[in-house]
Structure formats: C-alpha cells, structure tokens
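Beneath this line is the structure, given in structure tokens, with notes to follow.
The values are calculated or read from the model by the stated rules, or taken from the named source; none is laboratory data. Because the structure is predicted, anything quoted here is derived from the model rather than measured. Cβ coordinates were reconstructed from backbone atoms using ideal geometry, including for glycine residues, and neighbour counts include every protein chain displayed. These accessible areas exclude ligands, DNA and RNA; they are computed on the full protein's heavy atoms, side chains included. Shrake-Rupley method; radii C 1.70, N 1.55, O 1.52, S 1.80 Å.
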Amino acid sequence: MNAKENSDGILPDGAIEAMIAAGEIDLAAPPDARQVQPASLDLRLGETAYRVRASFLPGRDCAVERKLDRFKLHAFDITGGAVLETGCVYIVPLLESLALPQEVAASANPKSSTGRLDVFTRVIADNGDAFDQIPAGYRGPLYLEISPRTFPVLVRTGSRLAQIRFRRGHARLGDEELGRLQEKSFLSSDPRFFEGLVLSVDLAGGEDGLIGYRGKRHTGVIDVDRPDAYDVADFWEPLRPSDKAGLILDPDQFYILASREAVHVPAETAAEMVPFDPLVGEFRVHYAGFFDPGFGDDTAGGRGSRAVLEVRSREVPFILEHGQTVGRLVYERMAALPKALYGAGLGSNYQGQALKLSKHFRV
C-alpha cells in the first residue's frame, strides 16, 4: 500500500502545507505551532461569537451569514476570552477559509480534547446541507457551531476546537483489506471487521479499579486553552466495576469510558470512529472521531492504544455491559505518507492512552 503523492486518499501534512502555500487554505492569521497535524488541520475560532436560537444548516443556495441574520440573538467579542454556557448554541466564524481544488473534498470533527469535555461542535459551510461535510471544489468561509453540554467553557480567538481532513477520491478500506492489514501491521488486539474495525467497551477496569468517569453538573468554567489546570475531582465522578450487571447510563449524563481493544492506525492509513448501529442501544458514542496515522504505534511502549469513548445516553436509562459493541473504526488510505506521525514528537496528548480524560485535567 505504498502511497503516491497524486493518489487517492487522505491528504497528509505535507500536502496540507502545500495547499496553504497555494492559497487553497486561507489562514486569516499566521499558523499556530502544530496546527498542521499528520492527516488534518486544526481550525481556529475567529473574533466574534453569535448566540443563536437553535442549530441550523444554511441549505443549498444560502450563505451561513444570511441565516445568522435570522437566528442570532446577540453577538459578542471573544478576542479577550468569553464563556460559552451549557445548553446554549453558538456560531463562530473560523479564521480558516477554503478554495478547494475540484478533486478535493473535506470533512471535519471535534478535536479529541473537545469531545472529552462534552463540547458538541460541527463545522458549517455556505450552501451546505450536511454538517462537517465540505464538497469538492468548495470556495468560501467556514463556521463552527458550538454547544457545551456538561461544562461551561472559556474560549478566545485562536482556540482550536475542531479539525478538518482533506480527501481526494475514494479512500475507504474494505473489510478484506483491513484483514490483510491486520496480518501485516496489527490493527486490533481482538480484530473483528464489519464495515470497519469493531470496538467494544471495557467495564472490567484496570489495576486502579476505574472503568470510567461521569461528568458532574453545575461545575466551574474550563478554559479550553489551559492544559493540566484542573483537579479531576472538581469535575468528574470516578466509576468502578459493580457486582451488578453492567453500567447503567442515566439520561442526559456524560461518560468517559475506554474500548476493550487496543488499536493501531498504521502510517499509511487514517481512521475515524463512527457509530456502529443506532439499533444496538439507546446511547451515543461519537464525538471526536479522527485517529491520526501512528496512533497506537509500538514506539509508545505497547502494542496499540485504547480508544476513549465519549458516551451519552438518550431519553431512557440503558444498561451497558462489558464487551458490548459500541462503535467501529473506519480506515482510509493516505494519499502519501505523512512527514510526522502521531506521538510524543508532535506533543500528542493521547498516545499510549488507556482510560484518559482530556489534557485539561491534572493526572
């Protein structure tokens, strides 16, 4: 699976840098350090946030700005920092805009730290009829919908809550290809394939006896740009194995759990976590879904890393049991190998992880 520079697939860091140089990605401010990731680009908040009545899509032949004029409640400056309250919906123009080539499309996702704070984000483009999807050849601005669900958050111009991937042609790997890749490079400690790599939940707990965390309500504010700044106990309730069957997910509560499987994303691939099937249970496991090339690499000291699961129950309580299927990793080929892989050399926060909260909390 040797990737050529002009082949179909996810564009790597070198190609993203070339797009910036060519003006296909327009940065309204100089790029931040490590803004270009191995297979994605971090997106930065602009100067103004709009509180809106409800989430919306612009729809075909309509600009986001036009819909904002209809649905905004008020606008406020975030250059010096501003708090986004739980249960509210905000739209923020991003510093990055696009002038994509006709053969390149894009998709977006929350960053890992954003998802682990239960901050719901989605990228919106002009004339869009789907969230987080930017069609090939798109030319125009980008906006981020933000809705904190559990914790109020402090953001500012330049805060990075979402990321974008660029894709040329068909990149997705089928189950037979994944089986061959498992034999060659190792994808999972328990490889099962069904339209991707199947993931299940670990509720047995490790040496520390923890199986997860449940977010507390009515907490203080979390500054999204301050790592290692907050005590876990002020925001999270630890969860331990129970003699009773499984873990009962309470409605409108947020949980951080881990996959039973250790997984790996080889250098020639990128991956995304997607829901397994809405019919498997009354819960949602999908927030920050991008996994970069090199995630779980054995240079981190082990064979694979656990996938952290951001879980929210729906309208009714639901019992989640150890080993229950909760999601899948969809793998895509890279159009070329990235210059750098996910890991300590890039300051990556979650390499070699097991059960781990966002970078904002002191270990």
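Observations
- To put it simply, the accessible area of the chain at a 1.4 Å probe is 47 percent carbon and sulfur.
- Summed over all non-identical Cα pairs, the Kirkwood treatment of region 76-181 gives a radius of 15.3 Å.
- The residues of region 6-161 have, on average, 39 Å² of accessible surface per residue, using a 1.4 Å probe with all protein chains present.
- For region 108-149, the residues whose backbone nitrogen is under 18 Å from a point 7 Å from the Cα of Gln102, taken along Cα to Cβ, are 135-140.
- Over the C-alpha atoms of region 116-228, the Rg to Rh ratio, Rh being the Kirkwood estimate, stands at 1.05.
- FRET efficiency for Arg172 and Glu24, using Cβ-Cβ distance with R0 set to 25 Å, rounded to 0.05: 0.60
- What you get for region 20-167, charging only the Cβ of Lys and Arg (+1) and of Asp and Glu (-1), is a dipole of about 360 debye around the Cα centre.
- Positive contributions from Lys and Arg (+1) and negative ones from Asp and Glu (-1), summed over other residues with Cβ under 14 Å from the Cβ of Leu68, come out at +2.
- Relative to the current alpha-carbon distance between Asp231 and Arg70, full extension at 0.36 nm per residue lengthens the span by 53.9 nm.
- Two-decimal Rg to Rh for the chain - Kirkwood Rh, Cα set: 0.95
- Pairs of lysines in the chain (C-alpha under 19 Å apart; 8 or more residues apart or interchain): 5
- Dipole orientation for the chain: of the candidates Ala336, Ala49, Ala262, Ala49 has the Cα lying most toward the positive pole (charges on Cβ; Lys, Arg +1; Asp, Glu -1).
- In a fully extended conformation the segment linking Arg34 and Arg217 would gain 62.6 nm over its present Cα-Cα distance, using 0.36 nm per residue.
- Measuring max minus min along each principal axis, the C-alpha atoms of region 1-99 give extents of 50, 34, 25 Å (largest first).
- Applying the criteria of a DSSP loop state and at most 14 other Cβ atoms within 10 Å to the GluC sites (Glu not before Pro) of region 178-231 yields Glu195, Glu207.
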